[in-house]
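To start, the structure under review is shown below, and the notes come after it.
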Amino acid sequence: MRHIISILLENEPGALSRVVGLFSQRNFNIETLNVAPTEDPSLSRLTVTTEGDDRVIEQITKHLNKLIDVVKLVDLTEGNHIERELMLVKVKALGASRDEVKRTVDIFRAQIVDVTPSVYTVQITGDAGKLDAFVQAMAPIGILEVARTGVSGISRGDKILSL
Amino acid sequence: MELLSGADMIARFLQDEGIERIYGYPGGAALHIYDALFRQDKVKHILVRHEQAATHAADGYARASGKPGTVLVTSGPGATNAVTGIATAYMDSIPMVVLCGQVASHLIGEDAFQETDIVGVTRPIVKHSFAIKHPSEIPEVLKKAYYLAATGRPGPVVVDIPKDMTAPTERYEYVYPKKVKIRSYNPVTRGHSGQIKKAVDMMLKARRPVFYTGGGIVTSGASENLTALVKRLGFPITTTLMGIGSYPQTDAQSLGWLGMHGSYESNMAMHHADLIVAIGARFDDRVTNNTSKFCPTAKIVHVDIDPSSISKTVRADVPIVGPADSVINEMISLLQGREMANAEALPEWWTTIDGWRAEREGKLYEASQPGERLKPQEVIEAVYHITRGEAFVTTDVGQHQMFAAQYYKFDKPNRWITSGGLGTMGFGFPAAMGIKQNFPDDVVVCFTGEGSFQMMMQELSTCKQFGTGVKIINLNNGTLGMVRQWQDLNYKSRHAHSYVESLPDFQKLIEAYGFTALKVEHHDELDAALERTFADNDELVFLDIDVDPREHVYPMQVPLGAMRDMLLSKTERT
C-alpha cells in the first residue's frame, strides 16, 4: 500500500542525505520526495511517499525515527489527511488542439500560466491521481515537458505535527 | 573565562571527559590537534601502524571496559583506513568516537590533497556524525558525540574537523559542557510496564521456555540481573555469539550459544520451545537460519532498546522497548511470590534437554594422539585450562573464532571480544592490544589464524613501542579454514584461493620485532609451549601451532533449514 510519511527534520547540512541514504541502504522505496523549510527556521518538513506492506512501513518509520536528525514524523495515511501536489506542464497548443487544451484545463480547474503561439504552460494542483489523469488526458495532444513537486500533505482536523 | 584554540579545546575536552587513552595516527590535517596533545600529559596517545588498527584497538577497549573508545586520524586516507573499524563497531553496537582531521574549510569540495567526504563515506555505518563549522562549537559537539556513542543503543560517532577549526591563532571561550540535550534523541529509560507484566505472565505459564540473550546484556551491564532472573525461574538459557559470558557458561542452566555453529542442545531447545524470551538480541540470520521455519511452536517476547530491532526479521508477540537492565529488574520484582502455572512441565523440559546434551557428549571432535598434529579444538581447551577461564579473549574471523567460542568457557561478561556482526578478519590482534594496554594486569589472549593475523600484523611494532604483552595463539592450518569448509561442503572441495601459499616463517618474523615466538608441530609439544607462553604476563609471545587442516566446525546449521537442522560431523546430520 502507498503511504505518505511527513517528517520534521533538523535544518542541518547532511540531514537530507541521511534520510535518502537510509531508503537506499535498507532497500526501501521512494516514489516522491518533497522538502522545504517550515515556519521554524531550525526545521525542514520532508514528505515522502513510499510503497510497502505493514511490516515494511513499520521498519521505515522505526529506522527514520532512529536518525538523530529526525525530530518527529507521522504516517499521514494512517488517518484523514489532505494530499496535494503541484505540476507544471508544457503542452503543444496548435490549431484546433489549442481550444481542446484550454477546455481540458478548465475541466481540471487548472490554469494556463504562460502562452506562446505554439505552447501553453499549465499549472495544476491536486492529489497524485488527479495529476496523473490530466497527464493522460493531454497525452494524445502532445506533452512537451512535465515538472511535478512530489506530494506534500497535512492531516485533517485538529491533529498537528509540531515539536 | 578561558580562551583556547580549537586544537587545545579538543585536548582539554578529552581530559575533562576522563579519556585516558586514544588511538591514532598523525597527518597534515590533524597536526594542530597532535601539537595540542603533545603539550599535555593526561591523555595518552597510542601510535598505531595503520588506522584500521586504531579503531579495532579502541573498539577492544570499549568492549572490555564498557566505555567509549577514542580514535584520532587525519583526513583522506587516514579516515578511509578507519572505515572497516567503524563498520565493525557499528555492527556490534560498540561505543566509539572517531575524530577525523579534514582539509581546511575553504578547500572542501575542491578535491584538495588528502580530501575525502568522510561524513558521506561513513554515513551508513555510524550512529551519527558531525562536521565542525566553527571552533567555538567544539566542546558541545564533542560532548554530543560521546553522549550519542554511549547511550541508548551504542555505536560509533564520527566528528569531521577541518584544519582551520583547530588553528592555534584563533582562540575562543572554553567551558566543559557537563550535559547536553539533543531534542530529537531521547533513549527510553524503562520498558512499558503493561508489556512487561504480560511477558511475566507468559513466562509463568510456559511449559518449554528458553531465554535467548545477546550483546545487549553485555552493553547494558545487565549480566547480574539476568543471572538472577534465570536462576529465579530455572529456565534454560542460550546466548548469541555476542552475548557469550553474559550468563555463566559453566552453570548447568546454560546451553551455550546458538545459531549456525551454536551448540546442538541450544538449537534443539529453541526449535522445540513454546516461549522464547529474547533480550538484547536481534534475531540475526546467523542465529535464526530460515526465518519461515524458525521456532514453529514458540511465542516470542522481545526486549530491545532499539525499536527497529523488534519484528525486523521475526515477528514478536510481546515487544518491549527498553534497556535490558531495567526491564529485567522489573521482571524480577513482578515475579515475587508467584509460582509456575505448570510446575511439572519444567522438569520434563529439562529431561528432554539433558537427553539432547547426552546425545552429543564426547562426540564433538576426535582428539589427536601423541605424535599427531593437534586439533584446533583441543588447543582452545588447553588455553582455557591454563588461563583458568579468566583471560580476555579476542579472536579474528573464521574457524578459529568458532572453535574459540565453542571451547573457551566464559563466566563473566566483557571477556569474549569478537567481531560478530561484520566478521572482520584482522580485528583480533589490535583489539587485544587495546585491551592489554588498558588492563595490563590481566591475561589477554588473541586466537587467530595465519590468514587473519597477516591482515594486521604490523601492530607488532606498536606492541613493541608500548611494551604490550598480549599472547597470540596462531592456529595455523595453512588454509583459510572457514572458506575451505564451505568449499568442501558446497563446491565439491574445489579450494579456490582458500590456501595460503608462501607463508612467512612466523618465528623469524616475530623475532625480527624482538619478541618470542614458539612453534608447536605435534600434540606432545603443546603443554610445555603453553607453560612458556603464559610464564610472564608482561611479555608478548606468539605461539604458532600447526593444526589439522581437515577439521570442520560442527554443529553447522543446514542452509535454509530450521534451527534444528544441523550437520553434526562430516557424516552425521539431524
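Taken together, the values in this text are just the output of simple stated rules run on the coordinates, not laboratory data. Quick caveat: nothing in here was measured; it's all calculated off a predicted structure. For neighbour counting, all protein chains shown are included, and Cβ atoms are generated from backbone atoms with ideal geometry for every residue, glycine included.
Miscellaneous remarks
- Total lysine pairs in segment B:376-553 at Cα distances under 18 Å, for residues eight or more apart or on different chains: 8.
- Scanning residues 5 or more positions from B:Asn477 or on other chains, those with amide H under 5 Å from its amide H are B:Glu450, B:Val547, with H placed 1.01 Å from N in the peptide plane.
- Sequence-distant residues sharing a close amide H with B:Arg21 (under 5 Å, placed H): B:Lys44
- Stretching the chain fully between B:Arg550 and B:Tyr172 yields a gain of 129.7 nm (0.36 nm per residue, less the alpha carbon separation).
- Counted without the sites themselves, the longest stretch of chain B free of chymotrypsin sites (Phe, Trp or Tyr not before Pro) in a DSSP loop having at most 14 other beta carbon atoms within 10 Å is B:114-490.
- Model label points for B:Ala228 and B:Ala367, set 7 angstrom from Cα along the Cα-to-Cβ axis, are 4.1 nm apart.
- Legend: mean number of C-beta atoms from other chains within 10 angstrom of residue C-beta atoms, peptide A:67-79, equals 2.
- Sites listed here are GluC sites (Glu not before Pro) in segment B:1-105 whose DSSP assignment is loop and whose Cβ has at most 12 other Cβ atoms within 10 Å: B:Glu2.
- Using a simple spin-label model with pseudo-atoms 7 Å out from Cα toward Cβ, B:Asp441 and A:Val135 lie 7.1 nm apart.
- Secondary structure note: in segment B:3-173, about 10% of the DSSP beta bridges are antiparallel.
- For segment A:28-99 versus segment B:102-123, the gap between their alpha-carbon centres in whole angstrom: 31 Å
- Ordering B:His400, A:His3 by the number of other Cβ atoms within 10 Å of each residue's own Cβ, fewest first, gives A:His3, B:His400.
- Mean separation of Cα pairs under 8 Å and 6 or more residues apart, divided by the residue count, gives segment A:82-152 a relative contact order of 50 percent.
- Prolate/oblate/rounded label for segment B:193-360 (Cα gyration tensor, a/c 1.5): rounded
- Only beta bridges with both residues in chain B are counted; by DSSP, about 10 percent of them are antiparallel.
- Positive dipole terminus of segment B:3-173, leading residue within B:Tyr146, B:Ala131, B:Tyr61 (C-beta point charges): B:Tyr61
- Note: relative contact order over chain B, using C-alpha pairs below 8 Å and six or more positions apart, is 14 percent.
- Per-residue Cβ neighbour counts within 10 Å put A:Leu22, B:Leu72, A:Leu64 in the sequence A:Leu22, A:Leu64, B:Leu72, beginning with the fewest.
- On the beta carbon distance between A:Leu16 and B:Glu501, with R0 = 56 Å, the FRET formula returns roughly 0.70.
- Shape class for segment A:82-152: prolate, because the ratio a/c of the largest to smallest gyration tensor axis (alpha-carbon atoms, square roots of eigenvalues) is 1.5 or more and a/b beats b/c.
- Neighbour-count order for B:Glu137, B:Glu330, fewest beta carbons within 10 angstrom listed first: B:Glu137, B:Glu330
- Cα gyration tensor category, rounded, prolate or oblate, for chain B with a/c compared to 1.5: oblate
- If you plug the beta carbon distance of A:Arg84 and B:Ala252 into 1/(1 + (r/R0)^6) with R0 = 45 Å, you get a FRET efficiency near 0.10.
- Shown in residue order for segment B:159-168 are the 3J(HN,Hα) couplings computed by the Karplus curve 6.51 cos²θ - 1.76 cosθ + 1.60 at θ = phi - 60°: 10, 9, 10, x, 4, 5, 6, 10, 4, x Hz (x for Gly and Pro).
- Extension gain, A:Glu51 to A:Arg2: 0.36 nm times the residue separation minus the Cα-Cα distance gives 17.2 nm.
- When the GluC sites (Glu not before Pro) in segment B:339-437 are filtered for DSSP coil states and for at most 15 other beta-carbon atoms within 10 Å of their beta-carbon, the remaining sites are B:Glu339, B:Glu344, B:Glu361, B:Glu366, B:Glu372, B:Glu390.
- Our coupling estimate for segment B:373-378, obtained by passing each phi through the Karplus curve with A = 6.51, B = -1.76, C = 1.60 and θ = phi - 60°, is 5, 6, 8, x, 4, 6 Hz, Gly and Pro reported as x.
- Per-residue ellipticity at 222 nm, computed for chain B from helices alone with -39500 (n - 2.57) per DSSP H run of at least four residues, works out to -10000 deg cm²/dmol.
- In this rough spin-label picture, where each label sits 7 Å from Cα along the Cβ direction, the B:Lys67-B:Lys492 distance is 5.8 nm.
- Remark on B:Thr213: its backbone amide H falls under 5 Å from those of B:Thr238, B:Thr239, B:Thr240, B:Ile279, a criterion applied only to residues 5 or more positions apart or on other chains, H modelled at 1.01 Å from N.
- For B:Asn342 and B:Glu531, the difference between the fully extended length at 0.36 nm per residue and the C-alpha to C-alpha distance is 62.9 nm.
- Pairs spanning more than 27 Å between alpha-carbon atoms, out of A:Lys130/A:Lys159; B:Lys205/B:Lys231; A:Lys72/B:Lys179; A:Lys62/B:Lys231; B:Lys42/B:Lys163: A:Lys62/B:Lys231.
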